[in-house]
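Enquirer: This structure is in structure tokens; I'll ask about it shortly.
The values are calculated or read from the model by the stated rules, or taken from the named source; none is laboratory data. The model shown is predicted, which means the values in this text are computed figures rather than measured ones. Cβ sites come from the backbone with ideal geometry, for glycine too, and all protein chains shown count toward neighbours. The area values use the complete protein model at the heavy-atom level, side chains included, leaving out ligands, DNA and RNA. Shrake-Rupley method; radii C 1.70, N 1.55, O 1.52, S 1.80 Å.
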Amino acid sequence: QVQLVESGGGLVQPGGSLRLSCAASGSRFSINVMGWYRQAPGKQRELVARINSGSNTNYADSVKGRFTISRDNAKTTVYLQMNRLKPEDTGVYCCNVRVEPYEYWGQGTEVTVSS
């Protein structure tokens with residue numbers, strides 16, 4: 001069973017920055033993909049960014065150029081650096097980890113972008 005511990009959410013003004021972290025533990029096998037999803041109030045959950053074991057990345061069009069996803073050398077912690085935040089970035093951000101064929105979700109950390 002994989003445990004995920006997220007941190008880094010909070011309240012920030014438009015144009016500000018936040019860094020989210022998600023540490024995974026308990027996996028007996030290599031983690032294939034780590035990523036972040038978000039769910040805004042009244043909307044469906046959507047992919048924000050993900051990174052695979054080869055360090056290939058994918059981003060939602062809405063965050064390209066503003067957000068950067070990365071992993072530590074041990075490939076058990078994933079980071080999401082969020083810059084130039086906008087009110088529409090507000091939501092609950094959940095970490096997602098895939099250890100094929102399974103996937104695991106964090107409990108989520110809230111990000112609020114408001115003046």
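Enquirer: Just to be sure I understand, how many residues within the range 47-98 are touching a Lys or Arg at 6+ places or on another chain (Cβ under 6 Å), open to solvent by less than 50 Å² (accessible area, probe 1.4 Å) and over 18 Å from residue 32 (Cα atoms)?
Expert: 3
Enquirer: Which residue pairs have Cβ atoms under 7 Å apart, sit 6 or more places apart or on different chains, and have a first residue in the range 84-106 that is closer than 20 Å to residue 23 by Cα and without any contact (Cβ under 8 Å) to a residue 40 or more places away in the chain and a second that is among the polar types (S, T, N, Q) and part of a strand (DSSP E or B)?
Expert: What qualifies is 103/96.
Enquirer: Something else: So residue 39 clears everything in (1) loosely packed, with under 13 Cβ neighbours inside 10 Å; (2) under 12 Å from the mean Cα position of the chain (by Cα) except one condition, right? Which one?
Expert: Exception for residue 39: condition (1).
Enquirer: Could you list, in sequence order, all residues of the range 8-24 that are on the phi < 0 side of the Ramachandran plot and open to solvent by less than 60 Å² (accessible area, probe 1.4 Å)? Step through it out loud before you land on a result.
Expert: In the first step, residues of the range 8-24 are kept if they are on the phi < 0 side of the Ramachandran plot; the result is 9, 11-14, 16-24.
Of everything in the range 8-24, those that are on the phi < 0 side of the Ramachandran plot and open to solvent by less than 60 Å² (accessible area, probe 1.4 Å) turn out to be 9, 12, 16, 18, 20, 21, 22, 23, 24.
Enquirer: A follow-up question, please. If I filter the range 73-94 for residues that are among the polar types (S, T, N, Q) and within 11 Å of the chain's Cα centre (by Cα), do I get at least one hit? Steps first, answer last, please.
Expert: Going through the range 73-94, the residues among the polar types (S, T, N, Q) turn out to be 73, 76-77, 81, 83, 90.
Next cut, within 11 Å of the chain's Cα centre (by Cα) only: 77, 81.
Yes, because at least one residue in the range 73-94 is among the polar types (S, T, N, Q) and within 11 Å of the chain's Cα centre (by Cα).
Enquirer: Do any residues in the range 27-56 that are in contact (Cβ under 8 Å) with a residue 12 or more places away in the chain have Cβ atoms under 7 Å from those of residues that are of a type in the set (A, V, I, L, M) and open to solvent by 40 Å² or more (accessible area, probe 1.4 Å), where the two are at least six apart or on different chains, and which pairs are they?
Expert: 35/47; 37/47; 38/92; 39/92
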